[in-house]
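Asker: If you scroll down you'll find the structure; I have some questions about it.
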Amino acid sequence: MKKLTLVLSVMLTTFALQAAARSIDIIPKPQSIKERDGIYGISEKTTIGFEKGLEGYAGYLADIIFASTGLDLDTVPFRKADIKLSFDRTLPEEGYMLDVCSKGISVAGADMAGVLYGIQSLLQLFPVDIYSGPPRRNVEWNVPCVSISDFPERPWRGMMLDVARYFYDVDFVKKYVDMMAMYKMNKLQLHLIDDSGWRVEIRKYPELTSVGAWAGAQTDRLGGYYTQDEIRELVEYAAFRNVEIVPELEFPAHILSAVVAYPWLCCTGEQHSLPEQHFISRDLICAGKESSYEFLENVLDELVGLFPSEYVNIGGDEAVYDRWNECPHCQALMRREGIEDASRLQGYMVDRVTDMLKERGRKAVGWEEIIMRGELKNRVTALVWHDVADSLKVARAGHKAILTPASHTYFDFPESNTPGEVKAAVWMPPISVRKCYDMPVNDYSDESTVLGVQGCFWTDQFIHGTMLQEIGLIDENRSERYAEYLTFPRLLALSEIGWISNAERDYDDFTVRLGTHYGRLEKLDCGFRVPEPRVTSLETMDDGSVSIAVEPSVVGSVIRYTTDGSYPTVHSAVYEGPVTVAVRDDFKAITVLPSGKYSLPVYFEPDYSSYKEYGTFVAKWSPETMLRCGNIWKTECSGRFRGNGIYEITLVWTGGDGDVEFSGVDLLKKDLKVAGDVGMCRIGKDNRICKFEVTLNGYEAGTPFFLSFGISDKTEPYTEGLVFIRSK
Ligand code: ACM
Ligand code: ZN
């Protein structure tokens with residue numbers, strides 16, 4: 001644990017004091033808590049005892065306590081100990097009972113995981129300083145008396161970390177594992193392979209890493225990989241924390257790194273190079289050549305030797321099948337097997353690789369496409385990432401599902417639309433903590449077919465540490481910091497919905513508990529996103545002015561604000577009560593933590609409901625955003641598409657006496673034109689609407705889209721308006 005020096009603030013607000021007085025704020029919420037009177041305080045006399053097999057966890061707890069308190073707890077026989085760690089095999093899997101009374105503490109787990117989780121809950125009962133070193137002497141290390149009985153509703157509470165597009169080193173992955181374990185999450189899918197990098201040493205194919213792990217010129221090449229020794233170390237570290245590392249062997253797409261190293265793997269045998277920016281290759285591993293299956297089997301042999309996980313992830317997402325359609329080997333296989341559609345070759349491959357896994361005593365999990373490309377003979381588990389309702393399709397086909405919908409659990413999307421927000425991917429709308437917490441789970445299928453939930457942290461939008469779109473709040477351009485900013489606190493919401501039943505969810509209660517966790521995250525040097533203050537009331541007065549009240553979202557924080565529309569700083573006025581402003585957007589308020597870290601301001605999203613008929617808001621045009629930009633106005637419109645089809649683009653005039661003549665629009669996928677409309681339209685107060693239509697083919701999730709309008713004429717003095725888009 002890293003050291004952090006905190007300047008203690010004396011300015012706790014009423015809310016903060018109330019929240020601080022709450023003694024139990026465990027996340028994820030335990031199934032049952034019985035609070036009792038009294039406390040147990042640890043001192044130099046406190047002892048630890050444990051049942052056979054639990055020495056490791058006794059040491060783990062003692063080390064954390066020693067690091068933060070300086071108290072070196074003695075180990076004594078179980079019967080005589082003050083803190084007892086034991087097993088209670090009658091409890092549900094991963095479950096535990098935690099009893100604290102004035103005489104001592106008992107943690108009883110169903111299994112190793114249960115004992116670990118009892119310890120995690122116990123740590124969350126201590127003052128937040130328990131998470132930090134160096135030893136602090138002025139803290140009373142008291143725990144409230146309580147009886148907690150707890151177990152998870154769902155066996156799969158996962159995260160996916162994309163180490164292929166951006167290579168996170170072992171130390172960072174260990175830190176990620178620590179944070180997951182603190183919140184009782186138990187599966188880490190390592191996305192080890194993608195077009196832009198191969199990240200695991202495979203002894204039989206050394207060029208996968210000597211060639212496939214590195215992009216760019218040799219002198220300043222970028223990338224990296226885990227040696228087999230490092231993988232073993234990581235797997236052991238994670239297993240101790242009840243995090244099973246699930247390796248991902250991605251195929252048939254997203255595997256250009258292997259094709260670059262061994263060109264015979266693709267249909268054409270062509271030599272490619274590793275991309276340095278976001279890119280989805282069309283060069284699939286060839287389904288028709290037997291050498292592809294030998295390769296996959298040899299790689300699997302080494303992977304199962306390294307990763308003892310019950311599951312191996314076999315990838316499967318986002319393949320396009322042009323190459324297989326053109327390949328004589330793939331075509332011959334289709335004829336032999338009576339397969340009529342090239343996409344069905346993927347189902348054939350999935351069955352063959354699932355057979356290989358079965359022979360090695362492992363189960364296959366993969367992106368949802370693995371069950372959607374032809375009927376499978378084998379049963380698999382699908383990561384449903386487009387639409388949770390598809391878990392029904394998965395269940396009907398006899399498979400199991402894990403819900404990881406991009407719309408709720410892809411943490412590379414920003415948390416908000418606030419100007420200045422940190423953004424990686426933008427092809428979907430923002431995912432707030434609330435949106436993640438409200439994700440539907442099990443609403444569409446049988447309880448037993450949905451194993452649980454998983455978050456995904458993709459790094460394709462910031463390969464090799466490229467700057468993200470907004471960096472105002474983070475002055476370090478390290479992708480590690482961005483990963484923490486984008487993952488936390490949303491991971492806490494995900495951990496809770498994975499742990500408890502839908503009926504037990506209570507967002508307001510979660511929010512109050514969450515308010516005390518930022519202090520813990522800060523002690524752990526986790527670069528989380530600081531939340532804005534919460535708006536508690538917004539009232540329009542008789543004279544049209546607006547009265548706004550806010551409250552802190554973080555215990556111990558101070559709110560600072562401005563009333564002239566400018567972004568507040570740590571020196572702005574301290575908020576003490578409701579503020580009245582002429583217009584809503586004049587009020588801006590930020591959360592300032594005791595450490596001086598601060599949030600983005602409270603931001604009121606404009607209300608476009610009166611333009612509903614035109615679809616989703618895309619952008620605002622005004623002299624500032626458009627008229628000074630010459631003959632082309634380009635604006636991002638990622639996230640407004642859900643697939644191929646016809647889209648109507650509407651421009652609406654909203655003010656000003658001038659007018660603008662638009663000479664058509666191009667739809668760009670990154671820099672590439674994929675659709676367009678050459679129509680001309682002049683817009684101003686005499687003609688308030690312009691419409692264009694584009695037909696999108698080649699939709700690709702993950703790729704940014706832009707609208708590029710031609711401007712053939714514009715007249716002074718001034719005009720402004722809005723752009724909307726809707727699917728027809
Ligand atoms: C994915 O987002 N391509 C699984
Ligand atoms: Zn082929």
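The values are calculated or read from the model by the stated rules, or taken from the named source; none is laboratory data. Since we're looking at a predicted model, the values are computed, not measured. So basically every Cβ, Gly included, is an ideal-geometry build from the backbone, and we count neighbours across all protein chains shown. Note: accessible area is taken over every heavy atom of the protein model, side chains too, but ligands, DNA and RNA are not part of it. Shrake-Rupley method; radii C 1.70, N 1.55, O 1.52, S 1.80 Å.
Asker: What does the charge count near residue 277 come to, summing +1 for each Lys or Arg and -1 for each Asp or Glu among other residues with Cβ under 13 Å from its Cβ?
Answerer: Combined, the nearby Lys, Arg, Asp and Glu give -3.
Asker: Quick one: what Rg and Dmax do you get for region 234-346 from the alpha carbons, in Å?
Answerer: In order Rg, Dmax, the Cα atoms of region 234-346 give 15.9, 49 Å.
Asker: Output the peptides 308-321, 542-555 sorted from most to least packed, where packing is the average of other Cβ atoms within 10 Å over each peptide's residues. Intermediate results must be reported in sequence, preceding the final value.
Answerer: Numbers: 308-321: 20.6, 542-555: 17.1.
Packing proxy ranking, top to bottom: 308-321, 542-555.
Asker: Run the Debye formula on the Cα coordinates of region 278-407, all scatterers equal and no solvent, and tell me log10 I(q)/I(0) at q = 0.11, 0.20, 0.22 1/Å.
Answerer: Scattering profile of region 278-407, log10 relative to I(0): -0.39, -1.25, -1.38.
Asker: Would you mind putting 585-591, 141-147 in packing order, based on average other-beta-carbon counts within 10 Å, highest first? Display every interim value, and only then the final one.
Answerer: Details: 585-591: 21.3, 141-147: 18.7.
Descending packing order for the listed peptides: 585-591, 141-147.
Asker: Taking only the alpha carbons of region 554-621, what extent do you get along each of the three principal axes, in Å, biggest first?
Answerer: Extents along the principal axes, in whole Å: 46, 25, 22.
Asker: Antiparallel DSSP bridges in region 81-191: what percent, to the nearest 5? Present the calculation step by step, with values, prior to reporting the outcome.
Answerer: Values: 11 of 21 bridges.
Antiparallel bridges make up about 50 percent of those DSSP assigns within region 81-191.
Asker: Can you give the alpha-carbon Rg of region 620-716 over 2.2 N^0.38 Å, where N counts its residues? Display every interim value, and only then the final one.
Answerer: Values: Rg = 13.5 Å, N = 97, 2.2 N^0.38 = 12.5 Å.
For region 620-716, the normalised Cα radius of gyration is 1.08.
Asker: Taking only protein heavy atoms into account and a 1.4 Å probe, give the accessible area per residue of region 453-559 in Å².
Answerer: On the way: 3260 Å² over 107 residues.
Per residue, region 453-559 has an accessible area of 30 Å².
Asker: Using the eigenvalues of the Cα gyration tensor, what equivalent ellipsoid semi-axes result for region 374-417 when each is taken as the square root of five times the eigenvalue, whole Å, largest first?
Answerer: Numbers: eigenvalues 140, 16, 10 Å².
Listed largest to smallest, the semi-axes of region 374-417 are 26, 9, 7 Å.
Asker: Looking at the chain, send over the antiparallel percent of its DSSP beta bridges, to the nearest 5. Walk me through the numbers on the way to the answer.
Answerer: Values: 84 of 126 bridges.
Roughly 65 percent of the beta bridges in the chain run antiparallel, per DSSP.
Asker: About its Cα centre, how strong a charge dipole does the chain have in debye, to the nearest 20, once Lys and Arg get +1 and Asp and Glu get -1 at the Cβ? All intermediate terms of the calculation are to be shown ahead of the outcome.
Answerer: Details: 77 positive and 106 negative charges, 178 e Å.
The dipole of the chain has a size of about 860 debye.
Asker: Continuing with the same structure: Using the Karplus curve 6.51 cos²θ - 1.76 cosθ + 1.60 with θ = phi - 60°, work out ³J(HN,Hα) for each residue of region 227-232 in order, rounded to whole Hz, and write x for Gly and Pro.
Answerer: 6, 5, 5, 5, 4, 4
Asker: Hey, what number do you get for the chain at 222 nm if only DSSP H runs of n ≥ 4 count, each worth -39500 (n - 2.57), divided across all residues, to the nearest 500?
Answerer: Values: 17 runs with 172 residues, N = 728.
Taken over the chain, the calculation gives -7000 deg cm²/dmol.
Asker: Using the alpha-carbon centroid of each, what span in Å lies between region 26-97 and region 506-527?
Answerer: 23 Å
Asker: Please list the non-local residues whose amide H lies under 5 Å from the amide H of residue 245, H modeled 1.01 Å from N, same-chain partners needing a gap of 5 or more.
Answerer: 188
Asker: So, counting K/R as plus one and D/E as minus one, what does the shell of residues with Cβ under 13 Å around residue 689 add up to?
Answerer: Working: positive: 682, 685, 688, 691; negative: 613, 648, 659, 686.
Local net charge: 0.
Asker: If you take the square roots of the eigenvalues of the alpha-carbon gyration tensor of region 80-131 and sort them as a ≥ b ≥ c, do you get rounded (a/c under 1.5), prolate (a/b over b/c) or oblate? Display every interim value, and only then the final one.
Answerer: On the way: a/c = 2.44, a/b = 1.36, b/c = 1.79.
Oblate, because a/c is 1.5 or more while a/b does not exceed b/c.
Asker: Using only alpha carbon pairs under 8 Å that are at least six residues apart, calculate the relative contact order of region 42-130 and give it in whole percent.
Answerer: Relative contact order of region 42-130: 26 percent.
Asker: While we're here: Along region 210-222, what does the Karplus equation 6.51 cos²θ - 1.76 cosθ + 1.60 (θ = phi - 60°) give for ³J(HN,Hα), rounded to whole Hz, x for Gly and Pro?
Answerer: Calculated HN-Hα couplings, in order: 6, 10, x, 9, 10, 10, x, 5, 3, 5, 10, 5, 10 Hz.
Asker: With every protein chain present, what is the per residue accessible area of region 145-254 (1.4 Å probe, Å²)? Please report the intermediate quantities before stating the final value.
Answerer: On the way: 3170 Å² over 110 residues.
Dividing the accessible area of region 145-254 by its residue count gives 29 Å².
Asker: Also, quick follow-up: Above 24 Å lies some portion of the pair distances; for region 422-564, what is it as a whole percent of all C-alpha pairs?
Answerer: Values: 4698 of 10153 pairs.
Of all Cα-Cα distances in region 422-564, 46 percent exceed 24 Å.
Asker: With the other protein chains left in place, how much accessible area per residue, in square angstrom, belongs to region 35-82 at a 1.4 angstrom probe? The partial results should precede the final answer.
Answerer: Working: 2700 Å² over 48 residues.
Value for region 35-82: 56 Å² per residue.
Asker: Okay, next question. If we restrict to alpha carbons, what Rg and Dmax does region 146-238 come to, in Å?
Answerer: 16.3, 60
Asker: For the chain, what is the relative contact order in percent, using Cα pairs closer than 8 Å and at least 6 residues apart in sequence?
Answerer: Details: 1680 pairs, mean separation 80.1, N = 728.
Normalised by residue count, the contact order of the chain is 11 percent.
Asker: Measure off, as a whole percent, the carbon and sulfur share of the 1.4 Å-probe accessible area of region 614-704, all protein chains present. Don't jump to the answer; show the numbers that get you there.
Answerer: Numbers: 1980 of 4140 Å².
Carbon plus sulfur share of accessible area: 48 percent.
Asker: Could you tell me what percent of the accessible area of region 354-398 is made up of carbon and sulfur, with a 1.4 Å probe and every protein chain present? Intermediate results must be reported in sequence, preceding the final value.
Answerer: Values: 930 of 1960 Å².
Carbon with sulfur: 48 percent of the solvent-accessible area.
Asker: Here's something else I'd like to know. Given just the C-alpha atoms of region 525-662, how large is their convex hull per residue in cubic angstrom? Don't skip to the end; give the middle numbers.
Answerer: Working: hull volume 27.5 nm³, N = 138.
So the per-residue Cα hull volume is 199 Å³.
Asker: I'm a student and want to see the number: the projected area of the Cα convex hull of region 25-94, averaged over all directions, in nm².
Answerer: Details: hull surface 25.1 nm².
Seen from a random direction, the Cα hull of region 25-94 projects 6.3 nm² on average.
Asker: While we're here: When the Kirkwood radius is taken over all Cα pairs of region 346-480, what Stokes-Einstein diffusion coefficient follows at 4 °C and 1.567 mPa s, in µm²/s? Before the final figure, lay out the partial values.
Answerer: Values: Rh = 16.6 Å.
Rounded to a whole number, D works out at 78 µm²/s.
Asker: For region 503-593, count the residues as N, evaluate 2.2 N^0.38 Å, and divide the Cα radius of gyration by that value, please.
Answerer: Numbers: Rg = 14.9 Å, N = 91, 2.2 N^0.38 = 12.2 Å.
Here the Cα radius of gyration is 1.22 times the empirical estimate.
Asker: Return the carbon/sulfur percentage of the accessible area of region 410-553, one whole number, probe 1.4 Å, all protein chains in place.
Answerer: Numbers: 2140 of 4560 Å².
Answer for region 410-553 is 47 percent, counting heavy atoms of protein chains only.
Asker: A further question follows. How far is the Cα center of region 178-215 from the Cα center of region 109-153, in Å?
Answerer: Answer, in whole Å: 32.
Asker: From Cα pairs below 8 angstrom and at least 6 apart in sequence, can you work out the relative contact order of region 502-611, rounded to a whole percent? Present the calculation step by step, with values, prior to reporting the outcome.
Answerer: Values: 196 pairs, mean separation 26.9, N = 110.
Reported as a whole number, the value is 24 percent.
Asker: On to the next question. Classify the chain as rounded, prolate or oblate from the Cα gyration tensor: take a ≥ b ≥ c as the square roots of its eigenvalues, call it rounded if a/c is under 1.5, otherwise prolate when a/b beats b/c and oblate if not. Intermediate results must be reported in sequence, preceding the final value.
Answerer: Details: a/c = 2.01, a/b = 1.12, b/c = 1.80.
Oblate shape, in that a/c is at least 1.5 and b/c is the bigger or equal ratio.
Asker: Which is farthest toward the positive dipole end of region 135-213 among 170, 143, 181, measuring Cα position about the Cα centre, with Cβ charges +1 (Lys, Arg) and -1 (Asp, Glu)?
Answerer: Value computed over the given set: 143.
Asker: Grab the other residues whose beta carbon is less than 15 angstrom from that of residue 561, score K and R as +1, D and E as -1, and report the net. Intermediate values should be presented prior to the final figure.
Answerer: Working: positive: 534, 560, 584, 588; negative: 532, 551, 564, 576, 585, 586.
Within the 15 Å Cβ shell, the charges total -2.
Asker: Sort 389-402, 324-337 by packing, meaning the average of other beta carbons within 10 Å per residue, with the highest value first.
Answerer: Values: 389-402: 19.5, 324-337: 15.9.
The peptides rank, most packed first, as 389-402, 324-337.
Asker: Put +1 on the Cβ of every Lys and Arg and -1 on every Asp and Glu Cβ in region 123-251; which of 234, 152, 245 then has its Cα farthest towards the positive end of the dipole?
Answerer: Positive-most Cα among the choices belongs to 152.
Asker: Which whole-Hz ³J(HN,Hα) couplings does region 593-599 yield from phi under the Karplus relation 6.51 cos²θ - 1.76 cosθ + 1.60, θ = phi - 60°, glycine and proline marked x?
Answerer: These are the phi-based 3J(HN,Hα) values: 7, x, 6, x, 5, 9, 9 Hz.
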